[in-house]
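Shown next, in structure tokens, is the structure this report addresses.
Values in this text are rule-based calculations from the coordinates and carry no lab data. Everything numeric here is computed off the predicted structure, so don't read it as measured data. Counting neighbours? That spans all protein chains shown, and the Cβs are built from the backbone with ideal geometry, glycine included.
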Amino acid sequence: MLKANCRTSWNSTEIMPQIHSSSYVDESATIIGDVRVGKDVYIAPSVSLRADEASPIIIGDECNIQDSAVFHGLKGSSIELGENVSIAHGAVIHGPIMMGDECFVGFNSVVHASTLGKKCFVGHLAAVIGVTLAEGSFVPHGRVVDTQEKADALGRVPESLKDFNEEVVEVNCEFAKSYGIRRRSCVGQ
Amino acid sequence: MLKANCRTSWNSTEIMPQIHSSSYVDESATIIGDVRVGKDVYIAPSVSLRADEASPIIIGDECNIQDSAVFHGLKGSSIELGENVSIAHGAVIHGPIMMGDECFVGFNSVVHASTLGKKCFVGHLAAVIGVTLAEGSFVPHGRVVDTQEKADALGRVPESLKDFNEEVVEVNCEFAKSYGIRRRSCVGQ
Amino acid sequence: MLKANCRTSWNSTEIMPQIHSSSYVDESATIIGDVRVGKDVYIAPSVSLRADEASPIIIGDECNIQDSAVFHGLKGSSIELGENVSIAHGAVIHGPIMMGDECFVGFNSVVHASTLGKKCFVGHLAAVIGVTLAEGSFVPHGRVVDTQEKADALGRVPESLKDFNEEVVEVNCEFAKSYGIRRRSCVGQ
């Protein structure tokens with residue numbers, strides 16, 4: 001379901017999402033307002049990307065947004081993801097957000113009002129709130145990072161996880177292409 | 001999707017949800033059974049309000065229920081929210097629940113088997129389980145409050161957050177009105 | 001929505017889900033690929049069971065998968081649940097997973113790359129990652145169990161919770177039956 005944002009006291013323009021033709025949005029996902037989705041992006045079932053308050057929401061090439069993830073944000077803010085970013089199942093991404101290329105955000109985690117440098121890895125059930133993460137920061141599972149002091153004390157992504165996001169991106173670029181081909185050919189759905 | 005609860009050994013009556021005409025329910029939300037939604041309520045994409053076990057679910061005027069939030073509860077219990085309550089993205093509200101006016105529950109948080117006084121603020125990725133929160137209680141991000149002792153030790157909502165919920169409510173009352181007008185006029189969807 | 005997985009470089013076969021006729025899948029749930037659902041299973045609104053990477057996903061008799069739960073997994077892995085398992089609202093179950101009979105996983109919790117013996121109880125907002133849980137293990141609310149040492153140090157399910165999952169299963173078997181009867185008779189929907 002793609003639809004325009006509603007008109008409000010702070011935004012009188014209804015804008016429809018723009019999805020690049022090489023990207024795939026599952027039928028059960030909802031995308032509202034000025035959402036700009038780049039090339040080869042995979043958007044999974046029950047995702048909500050809602051640019052009626054934070055706007056625009058910009059999603060770079062080769063990103064993947066997994067099942068039940070939610071993007072929304074505070075009035076007057078925006079959300080921008082670089083390329084090759086993975087937002088895993090159930091994560092809440094709440095603007096204002098700037099996220100660099102090749103970041104990974106884990107299952108049911110929360111990222112709000114923050115700036116993430118490139119190649120950050122946010123573990124599962126973790127919260128990143130109101131901070132700036134340096135490039136390559138590693139947030140362990142379950143960690144709450146809600147002061148800049150905690151953010152500055154984080155370690156770097158360990159060697160064992162350095163290739164993890166690249167593999168996730170590779171798989172999901174295949175999903176974008178293959179689910180998209182099937183939809184366009186009307187086979188199997 | 002609005003539909004009646006199913007008949008069970010503990011409830012032989014099928015009841016349809018009642019949504020006030022000034023409130024808005026996104027097309028991808030699911031509302032089942034004896035759910036009573038007051039005036040000027042906004043219900044976001046992929047929400048599930050399911051009154052087939054805990055019943056009824058009562059949502060007061062000017063509440064907002066954000067994307068992918070879930071309301072359900074144990075058999076024989078119920079859920080009641082006062083007015084101007086905000087349930088943020090991904091939160092699970094599980095009966096029995098009594099929640100006073102002007103409470104805020106954060107992203108991916110859990111509130112279960114609890115009573116919250118007015119103006120409580122539950123942070124993100126927090127859990128409130130089996131307790132009573134005094135009016136104006138503040139649950140920090142990521143905190144697990146699962147004994148009354150922990151509940152009694154909570155501080156009060158800080159000054160910097162005292163107006164936060166009011167702003168959220170104001171924005172979402174606009175959403176209820178504006179998305180509703182558009183739906184009724186069949187423009188843009 | 002039931003549909004086949006897409007074809008990928010690691011899987012050239014499109015497979016449709018197989019749902020036993022006694023089980024119920026809510027209209028807003030999405031089930032994709034080689035998902036095999038046993039008897040008397042209840043699958044709630046906005047659930048996503050997606051066997052396009054981890055495959056198959058096998059769900060035993062009398063399980064229940066609650067609102068907005070997500071099943072997915074790493075390439076080359078699979079997910080298998082025994083009988084009478086409850087996956088509560090918002091939980092993420094990410095393969096490889098083997099879960100024994102009568103396990104319970106709580107609200108918004110994460111279980112990934114793990115093996116759970118029978119009758120484990122995972123609390124709310126808890127994470128179980130990369131470990132083996134012995135039969136009857138108890139994971140408290142909010143606990144992160146991401147090393148085998150932490151897993152081995154867990155206690156057993158307390159007496160007060162020993163019958164909890166049985167009651168959940170009983171209620172949900174009624175839901176599978178009763179929602180299913182209504183759908184087949186086309187009454188009330």
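Couplings 3J(HN,Hα) for segment C:98-104, derived from phi with the Karplus relation 6.51 cos²θ - 1.76 cosθ + 1.60 (θ = phi - 60°), are 10, 10, x, 4, 6, 7, 10 Hz, where x marks Gly and Pro.
Considered as an equivalent ellipsoid built on the Cα gyration tensor, segment B:59-117 has semi-axes of 16, 14, 9 Å, the largest given first. Taking 19 Å as the straight-line reach from the Cα of C:Lys177, the aspartates and glutamates in range (excluding those fewer than 8 positions away in the same chain) are B:Glu14, B:Asp52, B:Glu53, C:Asp26, C:Glu27, C:Asp40, C:Asp61, C:Glu62, C:Asp67, C:Glu83, C:Glu166, C:Glu167.
Considering only B:Pro45, B:His72, B:Gly82, and ranking their Cα positions along the charge dipole of segment B:1-118 that arises from unit charges at the beta-carbon of Lys, Arg, Asp and Glu, the one farthest toward the positive end is B:His72. Calculated over segment B:5-53, the projected area of the Cα convex hull averaged across directions stands at 3.3 nm². When a/c is below 1.5 the answer is rounded, else prolate if a/b is larger than b/c, else oblate, so apply that to the protein assembly as shown with a ≥ b ≥ c taken from the square roots of the Cα gyration tensor eigenvalues. It is rounded, given that a/c, with a ≥ b ≥ c, falls under 1.5. With θ taken as phi - 60° and the coefficients 6.51, -1.76 and 1.60, list the Karplus ³J(HN,Hα) couplings across segment A:156-170 in order, rounded to whole Hz; mark glycine and proline as x. So the J values, rounded to whole Hz, are 8, 4, x, 3, 5, 10, 5, 9, 4, 5, 4, 5, 4, 4, 4.
Derived scalar couplings between HN and Hα for segment C:107-124 equal 4, 6, 7, 10, 10, 9, 6, 9, 10, 10, x, 4, 6, 7, 10, 9, x, 7 Hz in order, rounded to whole Hz, by the Karplus curve 6.51 cos²θ - 1.76 cosθ + 1.60 (θ = phi - 60°), x for Gly and Pro. Once the C-beta distance of C:Thr13 and C:Met98 is scaled by a Förster radius of 25 Å, the resulting FRET efficiency is 0.60 to the nearest 0.05. Which residue fluctuates most in the GNM of chain A (Cα springs below 10 Å): A:Asn11, A:Asn165, A:Asn108? Evaluated over chain A, the most mobile residue of the options is A:Asn11.
Looking at segment C:2-185, the DSSP beta bridges with both ends there are about 5 percent antiparallel. Here segment A:143-189 is treated as an ellipsoid with the same Cα gyration tensor; its semi-axes, largest first and in whole Å, are 39, 14, 6.
The local environment of B:Asp26, defined by Cβ-Cβ distances under 14 Å, has a net charge of +1 under the rule Lys, Arg +1 and Asp, Glu -1. Its DSSP H runs of at least 4 residues, each contributing -39,500 (n - 2.57), put the calculated 222 nm mean residue ellipticity of the protein assembly as shown at -4500 deg cm²/dmol, to the nearest 500.
A dipole drawn for segment B:1-97 from +1 and -1 charges on Cβ atoms has a positive end, and of B:Ile93, B:Pro56, B:Ile19 the residue lying farthest that way is B:Pro56. Within segment C:2-185, the proportion of Cα pairs with more than 30 Å between them is 15 percent. Rounding to the nearest 20 debye, state how big the charge dipole of chain C is about its Cα centre with +1 on each Lys and Arg Cβ and -1 on each Asp and Glu Cβ. The calculation lands at about 460 debye.
Charging the Cβ of each Asp and Glu at -1 and of each Lys and Arg at +1, and nothing else, the dipole of the protein assembly as shown about its Cα centre rounds to 940 debye. Copy-to-copy label distances for A:Ser160, where each label lies 7 Å from Cα along Cα-to-Cβ, are 3.6, 3.6 nm in order of increasing length. GNM on chain B, alpha-carbon springs under 10 angstrom: the most fluctuating residue among B:Asp67, B:Asp34, B:Asp146 is B:Asp146. Centre-to-centre, using Cα atoms only, segment B:1-77 and segment A:1-68 are separated by 26 Å. Inter-copy label distances at C:Ser12, shortest first and taken from points set 7 Å along Cα to Cβ: 5.9, 5.9 nm.
For A:Glu102, the residues whose modelled amide H falls within less than 5 Å of its own, excluding neighbours fewer than 5 places apart on the same chain, are A:Glu83, A:Asn84, A:Val85, A:Lys119.
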